[in-house]
Amino acid sequence: MNDWLITALQIAAALLLDKILGETNRWHPLVGFGNIAKLLEKKTNNSHQGKGRFIGSCCCLVLVLPIPILLFFLQANTPLFWALETFILYLAIAQHSLAAHAQQIYYPLKHNDLPKARYFTGFMVSRDTQQLSKQQMIRATVESVLENGHDGVIASVFYFTIGGAPWVVLHRLTNTLDAMWGYKNSRFLHFGWCAAKLDDLLGFFSACTSCLMYGLQARPVSKVASILRCAWRQSQQYKSKNGGLCMSVGAQVLNFKIGGGATYHGKPVVGVTLGAKRQVILSDIPASIKLVKQASALWLLCILILGILCQIL
C-alpha cells in the first residue's frame, strides 16, 4: 500500500471518529493549550510597539513549535505511528462540533425562539449578539460555518496530506493562538502580531484548497473559474483575506450574499459584502453545513483516487 492510500485511510478514519464521537467534552488538548496561552499572555503582555512585538513573537513560537518539532522527530513508517497521527487529526478536526453549534442556532430560529438563538449565536461569533435580528443571526451562523469549515476541517486534512501530524498541529495551534491574540486593539496589536501573521501565512494555502473544494460543488461546474476570480477580488477588501476567500466562494456556490456591517464590543464595524444575489435565509444554515461536509469528502476522494492511480501505475 502506497503513502497516498495510507493517508486517505487515515483521513477517512479521523473523519469517521469525529462523526461518531464528536469533540471530546473533557480534557481537550486545545482547551489546555488555550489556558496556557492565556496565562503566558497575562504574565508577559505588558510592553508596547517594538518590544511588545518581539515578546509576543517569542511567546508565539514557544507555544506553537515544540509539539510539531517533537512529532517530526518521532515520525516513523509504522502502524503505531499511523494510529497516533490519525488520533491527532481527529482531535484537530471540528466538523461534528461545527455542525452541532450551527444547529443549536438553526432549531431555535426555526421555532422563532430568538433569545435562545441569540444565546447560542454568541458561542459561534465574536460580534455583539444581544440585539441581532433573525436574519442577522442566520447571516452570522452561515459566515461562521463557511469560515470555520476551513479553519477547523479543510485546513487540517490539507496539512495532514502534505506533512502529516506535525503540520496539522502547527496550523491548529497557530490558528487557535490567532483567535486569542489576533485582535487589532491596544492590548494585542503588537503582542499578537506574530500569531496573526503566521496564521495568515499558513492559512493562505489551505484557504485556496477550501475555495477549490467549495467551488467544485457549483452547478454548472463551468462557473467555478468565475466564482474563484470574484472571490479573490472580494476578499482583498475583507478584514480577513483567507476567511473572505472561503466565505465568498461558499456564498456564491449557494447563491446568497453575506458580510456587511456588525457590532463588535459596542462599536459598529462596516464590512464589505461577499457572495452575490439574495439575502441568506434559514435553510442556508444546513446548506452551508452540507457544503463543508462535502468539501472534506471531496478532498478525501481526490487523495483516494491519487493513491489508487499510484498503486496501479
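The values are calculated or read from the model by the stated rules, or taken from the named source; none is laboratory data. The structure displayed is predicted, hence computed values, not measured ones. Positions of Cβ are backbone-derived with ideal geometry, glycine not excepted, and every protein chain shown enters the neighbour counts. Heads up: the accessible areas ignore ligands, DNA and RNA and are worked out on the full protein's heavy atoms, side chains in. Shrake-Rupley method; radii C 1.70, N 1.55, O 1.52, S 1.80 Å.
How about region 159-177: which of its residues are within 14 Å of the chain's Cα centre (by Cα) and surrounded by fewer than 24 Cβ atoms within 10 Å (Cβ to Cβ)?
Leu170, Thr176
Hey, could you check region 168-198 for residues that are in contact (Cβ under 8 Å) with a residue 40 or more places away in the chain and of a type in the set (D, E, K, R) and say which is nearest to Leu71 (Cα to Cα)?
Selected residue: Arg172.
I'd like to know if region 239-249 contains one or more residues that are surrounded by fewer than 14 Cβ atoms within 10 Å (Cβ to Cβ) and touching a residue at least 40 places away in the same chain (Cβ under 8 Å).
no
Which residues, taken from region 1-46, are touching a residue at least 24 places away in the same chain (Cβ under 8 Å), closer than 27 Å to Ile289 by Cα and either open to solvent by 100 Å² or more (accessible area, probe 1.4 Å) or not in a helix (DSSP H, G or I) (or both)?
The answer is Lys19, Leu21, Gly22, Glu23, Thr24, His28.
Taking the stated definitions as given, is Leu21 of a type in the set (A, V, I, L, M, F, W, C) and either in contact with a Leu (Cβ under 9 Å, 6 or more places away or on another chain) or at pLDDT 95 or above (or both)?
So Leu21 fails the test.
In region 240-276, how many are in a helix (DSSP H, G or I) and under 27 Å from Lys197 (Cβ atoms)?
Total meeting the criteria: 11.
May I ask you to verify whether Ser133 is under 27 Å from Gln279 (Cα atoms), surrounded by fewer than 15 Cβ atoms within 10 Å (Cβ to Cβ) and either over 19 Å from the mean Cα position of the chain (by Cα) or not charged (D, E, K, R) (or both)?
Answer is yes for this residue.
Limited to region 281-301, what total is found for residues that are open to solvent by 60 Å² or more (accessible area, probe 1.4 Å) and within 20 Å of Leu212 (Cα to Cα)?
So the count comes out to 4.
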